[in-house]
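> Dumping the structure here so I can ask a few things about it.
The values are calculated or read from the model by the stated rules, or taken from the named source; none is laboratory data. Here the structure is a predicted model, which is why all the values come from computation and not from measurement. So basically every Cβ, Gly included, is an ideal-geometry build from the backbone, and we count neighbours across all protein chains shown.
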Amino acid sequence: MPSEFKCPPTESLVVTATDRSLELVNTAAQAAADKLAHDIIAYDVSDVLSITDAFLLASAPNDRQVKSIVDEIEERLLKELGAKPVRREGDREARWVLLDYVDIVVHVQHSEERVFYALERLWKDCPELELPDDAKATRGKAEEHAKLQAAEEAAELGGEWR
């Protein structure tokens, strides 16, 4: 991990994100949870990055759901907080969509990209932000979904071989 992205250990529990950033993160996290996003987590990166205060990460098992989550986050932040993203990237493929609100950056990834890029490893030394209960309840959902999918595929293969 590049040292410039590492939060200092002495400050790892200190949240320095602004109240506005925390409000945006919580609203976006709730919107993602309402659209059944998996493994929602947020980090305060304000001590290591000057361009934003927080990263919100969420994932979904398919491209269509990634797009649905992104649309809901955008709609909710605009409607409830008057916030519009200054940049939206990755929309065409809907595998990893980034919404940049300046104060926060939202990453909604397809589950495969989430595992491959493992952004949590990069930001794990930064303070984790408290999220709404619905968002916290999504932790581990990607793993559950992958196991269910594997079991269904194994059952289908087993049926073909009989």
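> Determine whether region 83-92 contains at least one residue that is in contact with a Lys or Arg (Cβ under 7 Å, 6 or more places away or on another chain) and either small (Gly, Ala, Ser) or surrounded by fewer than 21 Cβ atoms within 10 Å (Cβ to Cβ) (or both).
No, region 83-92 has no match at all.
> Ala83 is checked against (1) part of a loop (DSSP other than H, G, I, E, B); (2) more than 16 Å from Ala29 (Cβ to Cβ) and fails just one. What number does that condition carry?
(2)
> Do you know which of the residues in region 67-95 that are modelled with pLDDT of 95 or more, of a type outside the set (D, E, K, R) and under 14 Å from the mean Cα position of the chain (by Cα) is farthest from Ala17 (Cα to Cα)?
Ser68
> Right, next: Given the structure, is Glu144 at pLDDT 90 or above and among the charged types (D, E, K, R)?
no
> Going by the conditions given, is Leu99 touching a residue at least 12 places away in the same chain (Cβ under 8 Å), in contact with a Pro (Cβ under 7 Å, 6 or more places away or on another chain) and not in a loop (DSSP other than H, G, I, E, B)?
yes
> Next up: Determine the pairs where a residue that is at pLDDT 90 or above, located within region 6-31, has a partner that is in a helix (DSSP H, G or I) and among the basic types (Lys, Arg) with Cβ atoms under 7 Å apart, the partner being 6 or more residues away or on another chain.
Thr27/Arg76; Ala31/Arg76
> Would you please list the contacts, defined by Cβ atoms under 7 Å and residues six or more apart or on different chains, that run from a residue in region 112-123 that is over 9 Å from Ser59 (Cβ atoms) and surrounded by 16 or more Cβ atoms within 10 Å (Cβ to Cβ) to a residue that is among the aliphatic types (A, V, I, L, M) and at pLDDT below 90?
So the pair list comes out as Leu122/Met1.
> Right, next: Please indicate, with yes or no, whether at least one residue in region 118-128 is assigned to a strand (DSSP E or B) and either farther than 16 Å from Lys141 by Cα or among the polar types (S, T, N, Q) (or both).
yes
Every residue, every condition in (1) out of contact with any Leu (no Cβ under 9 Å at 6 or more places or on another chain); (2) among the basic types (Lys, Arg); (3) assigned to a strand (DSSP E or B); (4) without any contact (Cβ under 8 Å) to a residue 24 or more places away in the chain, yes or no:
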site	(1), (2), (3), (4)
Leu36	yes, no, no, no
Ser59	yes, no, yes, no
Ile69	no, no, no, no
Glu93	yes, no, no, no
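> Any idea which residue in region 33-64 is farthest from Glu128 (Cα to Cα), counting only those that are in contact with a His (Cβ under 9 Å, 6 or more places away or on another chain) and surrounded by 17 or more Cβ atoms within 10 Å (Cβ to Cβ)?
If we take residues in region 33-64 being in contact with a His (Cβ under 9 Å, 6 or more places away or on another chain) and surrounded by 17 or more Cβ atoms within 10 Å (Cβ to Cβ), then Pro61 is farthest from Glu128 (Cα to Cα).
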